[in-house]
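FYI, it's all coordinate maths here, none of it is from the lab. Predicted, not measured: the structure shown is a model, and the values here were computed from it. Glycine gets a Cβ as well: all are built from the backbone with ideal geometry, and neighbour counts include every protein chain shown.
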Amino acid sequence: MAQPTQIEQVIINLTINAKNALTSVSHHNKKITISTYTEDNYCVIEVKDNGPGIPPDQIENVFDPFFTTKFTQDGMGLGLTITQNIVKEFDGRLIAGNNSDGGACFKVLFPASK
């Protein structure tokens, strides 16, 4: 069982990252989608945006401490590291990827309670 405040922190961190990604696109149809569902004995929280996505050469580093793609001083590159640590505390997984139609997708998988 996870602590509600920690789950809130996971969703807040992923949503803030999605919002920040959308500041770098010029289209007016900016969108963040948060979904929940079950999949293969996991409870899934999915946060998607239609921003620029994660460059393929950087996707494996997004969870590294102090790694950031931001060009300003907004953030220290710790949000995804903290998020991943919270998810791991509850035997979960955090997966970073890109949507087929553009933008990033972060999937949080928590083992379903028995």
Number of the exception - I11 against (1) loosely packed, with under 15 Cβ neighbours inside 10 Å; (2) in contact (Cβ under 8 Å) with a residue 12 or more places away in the chain; (3) not basic (K, R): (1)
Residues of the range 22-45 being more than 17 Å from the chain's Cα centre (by Cα), farther than 17 Å from F90 by Cα and of a type in the set (V, I, T), which ones? V25
Is there any pair linking a residue in the range 32-55 that is over 10 Å from A21 (Cα atoms) and free of Cβ contacts under 8 Å to residues at least 24 places away in the same chain to one that is surrounded by fewer than 20 Cβ atoms within 10 Å (Cβ to Cβ) and not aliphatic (A, V, I, L, M), with Cβ under 6 Å and at least six apart or on different chains, and which? S35/E46
Matching residues in the range 1-26 - criterion: being part of a loop (DSSP other than H, G, I, E, B) and under 24 Å from N50 (Cβ atoms): T23, S24, V25, S26
Which of the numbered conditions does K19 fail, given that it passes all the others? Conditions: (1) without any contact (Cβ under 8 Å) to a residue 12 or more places away in the chain; (2) under 21 Å from T81 (Cα atoms); (3) among the charged types (D, E, K, R). (1)
